[in-house]
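Q: Provided herewith is a single structure, encoded as C-alpha cells, for subsequent inquiry.
The values are calculated or read from the model by the stated rules, or taken from the named source; none is laboratory data. Computed from a predicted structure; not experimentally measured. Cβ: placed from backbone, ideal geometry, glycine included. Neighbour counts: every protein chain shown. When the accessible area is computed, the model is the full protein with side chains, heavy atoms only, and any ligands, DNA or RNA have been set aside. Shrake-Rupley method; radii C 1.70, N 1.55, O 1.52, S 1.80 Å.
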Amino acid sequence: MTTHGDPATQPGAPAVAARTGPPDAAEDPTATTGDESLPAALGALRAAIEAARFPLALPTAEPARRAAGALTDQLDDYLLPRLARLDAPLLVVVGGSTGAGKSTLVNSLVKARVSAAGVLRPTTRSPVLVCSPADASWFRQGDLLPGLTRRTEPSDDPRTLQLVTAPALPPGLAFLDAPDIDSVVDANRALAGQLLAAADLWLFVTTAARYADAVPWELLRSARARGTVIAMVLDRVPAEAGDEIAAHLTEMLADQGLDQAPLFVLPETWVDGQGLLPERVTAPLADWFTRLAADAEARAAVVRQTLDGALAALHPTVDGLAEAAEEQAAAADALDDRVRAAYRGAHRTVEEGLRDGRLLRGEVLARWQEFVGTGEFFRTLEARIGRLRDRMVAALTGRPAPAAELRTAIESQLVTLLRGVAAEAAENAYTAWKAHPAGAALLEPELAHPADDLPERAERMVRDWQRGVLELVRVEGADKRFVARTAAYAVNATGLAVMIAVFASTAFIPTGLEVATGAGTTVAAQAVLQAIFGDQAVRTLAARARADLLDRVRTLLDDEADRYLTRSAAARPGPETADALRAAAERVESARRRSGLTAEGPTG
C-alpha cells in the first residue's frame, strides 16, 4: 500500500485546518457575545426550512424538496449535535460504490469482523458504527444521527444504527460503515447520502476498476462544496498498474479541486480466515488514523474544518430554496392570472350583452311588446284597476299576466347568458391550467364545467336583482306624488321598465331599437316615466340597476373562479417564505463569523 503525499500535512491534519486546538470559552460556538448564538440561529433556520413548501409541480420543486430534506437531516444529524459537543469522538464515515470493499476495510482497520462483508449485494443494509469501548456512551445517547434507532445486533432495517465496540480501535475515533452510494435499493442510497453529510471525515473507498464512475464523483464534488475533510482509498490495484492508476486518479482529484485529499493505494491481495486484509497492506492507513486519534488538536482541526465548511455551504443552498419558493409563488400567481382572465372575459361578455341589445331579442322582446304595445303598461300604472284586471285575466285564461311573463322572460334570458359565459370561462380556465405544468397537476375533470349548482345560483341571483330594482324604484320614487298614490303594482310596472332599460344601449329604450311595432307607445311610456322621475333620474335609475346587476354577476363568476383559486391558494407557499429563508441564512452566517470556527476568527 502506498500513499499520495504525507498524511500529516493533508486535510484532516492540523496544518490545513481553519483553526487548531480545542475550543476555549471565547471560541465556543454555543456561547453568546451579545448576539444570537450559532445553535439558536441554526434552530431558526431549521424552522424556516421546515415551514417552506414546494407543492406545485415545477421542475425545481422536487430538487428543492430533496435539498430541504437534506438540510434538515444535516442540521439534526450533524450540525446541531456536533456544535453541542465539539469534543465528541471524530466520526469517520466510510463510503463508496457497491463492492468496493468498505466493510472489509473497516473490519481490517479495527481488527475484528464487525461489519458483514460478502459477495451478495447490497451487503451493508443498515449502517454499522464501530468505536472504542471508552467512547460507546457518546454514540449510544443518540445525539448524533438521532433519527436512527440504536441496536447492538445486525438488522435489515436501514433506519437502524448497529453499535459495535472494538478494543483495538483507540478512543477518540469511530468508523461508520455506510450503505453503498450507488445501491440498487433506493433507501440505502438515500441513507448513504445522509450519513456522508454527518461525517467529520469522509473516507471514500473505490477500486481500480471503478474509480472513474460518475456517481462517486458527484458525491465527492458535493462533499468538497460542503468543506468536508476527505481521504481516498484506491482498493484492489493490480501491482503492475498501481503507479499508472494512482497517477490518473491523482490527476482527476486535482481537476476537481481535491488534490489535497490523502490518497491511499491498496494492492490486490488475499483475506485471512476472518475476512481481514493483511496488516502490512492496511498499516499506512491504520497508522494515519492512529496518529489522528492520538492528537486532540488534529481531531479538533478536522471537526472545525468540516463544521465550518458545512455551515458556509448553508447560505447558497438556502438561497436556492428561496429561489424555488419564489418560483412557486410566481407560478401560483400565473395560474391565478389565467383564471381571473377567463372570468374577466365572461364578465365582459355580460357587459357587452347589456350594451348591444342582444338581451332584448326573442322572448324578452315579445313579452315587452305585449306589455307595452297593448297598453298594459299604462293600465297597470292604475293600481286598483290593474290588480283587478290581472286577477280576472289570470283566473279566466289560466295565463300569467303580461308583467309576470315579462319578468320571467328577463330572468330566463339572463340565466341563459350567465350559464353560457360561465361554461366558456370554465373551459378557458381549464385549458389555460392544462397548458401549465403546475396547473395540470391541480386539475380535476369537473373543473372543465361550471359548478353543478350554477343554474340555481344564477336564477337566485337574477331574482334578487329584480327585487333590488323594485326596491330601488320604490326608494327613489318615495317623494313622487305618482308613486305615493299608487300601490306596489305600479312600482312593479315601473321596475320592469327600468329592467328593460338596463338591456338597452342607452339609459332607456332607444327609438327604433328592434321594437318595430308599438314604437309610439314605447316612446310614450318613456315620456311618462320621465314625467314621473325626470329625464336624468330615469337614466340614473337604469345606470344604478345596471351597475347592481354587473356587481352581482361578478360575485357569481368570482364564486366560480374560486373553484380554481382555492386549489392554487392551497398549493401556494407563504408570501414570506423566501424572505424568511434568506433572513435565517443571514443569521447563521453572521453567527458563524462570530463563532471562531472560520479562518477569520471571532469578530467584534
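Q: Does S108 count as open to solvent by less than 50 Å² (accessible area, probe 1.4 Å), polar (S, T, N, Q) and at pLDDT below 90? Spell out how you get there, then give the answer.
A: Values: open to solvent by less than 50 Å² (accessible area, probe 1.4 Å): yes; polar (S, T, N, Q): yes; at pLDDT below 90: no.
So S108 does not fit the description; no.
Q: Identify, please: which residue in region 555-572 is within 20 Å of H449 (Cβ to Cβ) and among the basic types (K, R) and is, among those, most open to solvent (accessible area, probe 1.4 Å)?
A: Per the criteria, the residue is R567.
Q: When you scan region 288-299, do you find a residue that is part of a helix (DSSP H, G or I) and under 30 Å from A404 (Cβ atoms), even just one?
A: Among the residues of region 288-299, not one is part of a helix (DSSP H, G or I) and under 30 Å from A404 (Cβ atoms), which makes the answer no.
Q: Okay, moving on. Can you name every residue in region 141-165 that is open to solvent by 90 Å² or more (accessible area, probe 1.4 Å) and in a loop (DSSP other than H, G, I, E, B)? If you could, list the steps in order and put the result at the bottom.
A: Pass one, region 141-165, residues open to solvent by 90 Å² or more (accessible area, probe 1.4 Å): 141, 151-154, 156, 159.
Within region 141-165, Q141, T152, E153, P154, D156, R159 qualify.
Q: Can you work out which of the residues in region 249-265 that are in contact (Cβ under 8 Å) with a residue 24 or more places away in the chain and either over 47 Å from the mean Cα position of the chain (by Cα) or assigned to a helix (DSSP H, G or I) (or both) is nearest to A100 (Cα to Cα)? Give the steps one after another, and end with the answer.
A: Of region 249-265, the ones in contact (Cβ under 8 Å) with a residue 24 or more places away in the chain are 249-250, 252, 256-258, 260-265.
If we keep only those that are either over 47 Å from the mean Cα position of the chain (by Cα) or assigned to a helix (DSSP H, G or I) (or both) too, we end up with 249-250, 252.
Details: L249: 16, T250: 18, M252: 19 Å.
Once the filter is applied, the top-ranked residue is L249.
Q: Restricting to region 466-479, name every residue that is surrounded by fewer than 13 Cβ atoms within 10 Å (Cβ to Cβ) and at pLDDT 90 or above.
A: Going through region 466-479, the residues surrounded by fewer than 13 Cβ atoms within 10 Å (Cβ to Cβ) turn out to be 467, 471, 475, 478-479.
Result: R467, single match.
Q: Could you list all residues from region 57-103 that are under 14 Å from L176 (Cα atoms), modelled with pLDDT of 90 or more and of a type in the set (S, T, Y)?
A: Across region 57-103, the qualifying residue is only Y78.
Q: Still on this model: Does V421 fit the bill of being open to solvent by less than 20 Å² (accessible area, probe 1.4 Å), within 25 Å of E352 (Cα to Cα) and at pLDDT 95 or above?
A: Details: open to solvent by less than 20 Å² (accessible area, probe 1.4 Å): yes; within 25 Å of E352 (Cα to Cα): yes; at pLDDT 95 or above: yes.
So V421 passes the test.
Q: While we're looking at this one, here's another question. Tell me, yes or no, whether region 503-510 has at least one residue that is within 27 Å of M461 (Cβ to Cβ), open to solvent by less than 60 Å² (accessible area, probe 1.4 Å) and at pLDDT 75 or above.
A: yes
Q: Among residues belonging to region 56-99 that are within 14 Å of L321 (Cβ to Cβ) and assigned to a loop (DSSP other than H, G, I, E, B), point out the one that is most open to solvent (accessible area, probe 1.4 Å).
A: So the residue we want is T60.
Q: I'd like to check something: does region 345-358 contain any residue that is open to solvent by less than 40 Å² (accessible area, probe 1.4 Å) and modelled with pLDDT under 75? Explain how you work it out, then say what you get.
A: Going through region 345-358, the residues open to solvent by less than 40 Å² (accessible area, probe 1.4 Å) turn out to be 345-347, 349-350, 353-354, 357.
Filter again for modelled with pLDDT under 75, leaving 357.
Yes, region 345-358 has at least one match.
Q: Then there's this: Which numbered condition in (1) crowded, with 21+ Cβ neighbours inside 10 Å; (2) modelled with pLDDT under 95; (3) more than 25 Å from G309 (Cα to Cα); (4) not hydrophobic (A, V, I, L, M, F, W, C) is the only one that E576 fails?
A: (1)
Q: Hey, another quick one. Tell me whether region 309-322 contains one or more residues that are on the phi < 0 side of the Ramachandran plot and open to solvent by 60 Å² or more (accessible area, probe 1.4 Å).
A: Step one: filter region 309-322 for residues on the phi < 0 side of the Ramachandran plot, giving 309-322.
From the residues that got through so far, the ones that are open to solvent by 60 Å² or more (accessible area, probe 1.4 Å) too are 316.
Taking every residue of region 309-322 in turn, at least one turns out to be on the phi < 0 side of the Ramachandran plot and open to solvent by 60 Å² or more (accessible area, probe 1.4 Å).
Q: For a quick check of your reading of the model, give me the residue pairs whose first member lies in region 112-140 and is modelled with pLDDT of 80 or more, whose second is open to solvent by 60 Å² or more (accessible area, probe 1.4 Å), with beta-carbon atoms closer than 6 Å and at least 6 apart or on different chains.
A: R113/Q274; S132/P171; P133/T165; A134/P171; D135/P171; A136/T165
Here is a yes/no grid of residues against (1) polar (S, T, N, Q); (2) surrounded by fewer than 18 Cβ atoms within 10 Å (Cβ to Cβ):
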| residue | (1), (2) |
| --- | --- |
| N188 | yes, no |
| V205 | no, no |
| A208 | no, no |
| A231 | no, no |
| L234 | no, no |
| E240 | no, yes |
| D243 | no, yes |
| H248 | no, yes |
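Q: Turning to a different aspect of this structure: Mind listing whichever residues of region 424-465 are under 19 Å from A330 (Cβ atoms) and open to solvent by less than 20 Å² (accessible area, probe 1.4 Å)?
A: Across region 424-465, the qualifying residues are A429, W433, A438, G439.
Q: Would you pick out the residues in region 261-301 that are surrounded by 14 or more Cβ atoms within 10 Å (Cβ to Cβ), out of contact with any Ser or Thr (no Cβ under 9 Å at 6 or more places or on another chain) and within 29 Å of E244 (Cβ to Cβ)?
A: Answer for region 261-301, where residues must be surrounded by 14 or more Cβ atoms within 10 Å (Cβ to Cβ), out of contact with any Ser or Thr (no Cβ under 9 Å at 6 or more places or on another chain) and within 29 Å of E244 (Cβ to Cβ): A261, E268, T269, F289.
Q: Give me the residue from region 429-444 that is within 20 Å of the chain's Cα centre (by Cα) and in contact (Cβ under 8 Å) with a residue 24 or more places away in the chain and, out of that set, nearest to V339 (Cα to Cα).
A: That would be W433.
Q: I've got another one for you. Kindly indicate whether A51 is open to solvent by 40 Å² or more (accessible area, probe 1.4 Å), at pLDDT below 80 and farther than 22 Å from E218 by Cβ. Write out each step before concluding.
A: Numbers: open to solvent by 40 Å² or more (accessible area, probe 1.4 Å): yes; at pLDDT below 80: no; farther than 22 Å from E218 by Cβ: yes.
So A51 fails the test.
Q: Which residues, counting only those in region 205-233, are modelled with pLDDT of 90 or more and closer than 18 Å to A254 by Cβ?
A: Start the filter on region 205-233 by keeping residues that are modelled with pLDDT of 90 or more, which leaves 205, 229-233.
Within region 205-233, V229, I230, A231, M232, V233 meet the criteria.
Q: So, in region 232-261, exactly how many residues are polar (S, T, N, Q) and under 15 Å from V205 (Cβ atoms)? Let's see the steps before the verdict.
A: Going residue by residue through region 232-261, those that are polar (S, T, N, Q) are 250, 256, 260.
Still in the list and also under 15 Å from V205 (Cβ atoms): none.
Of the residues in that region, 0 qualify.
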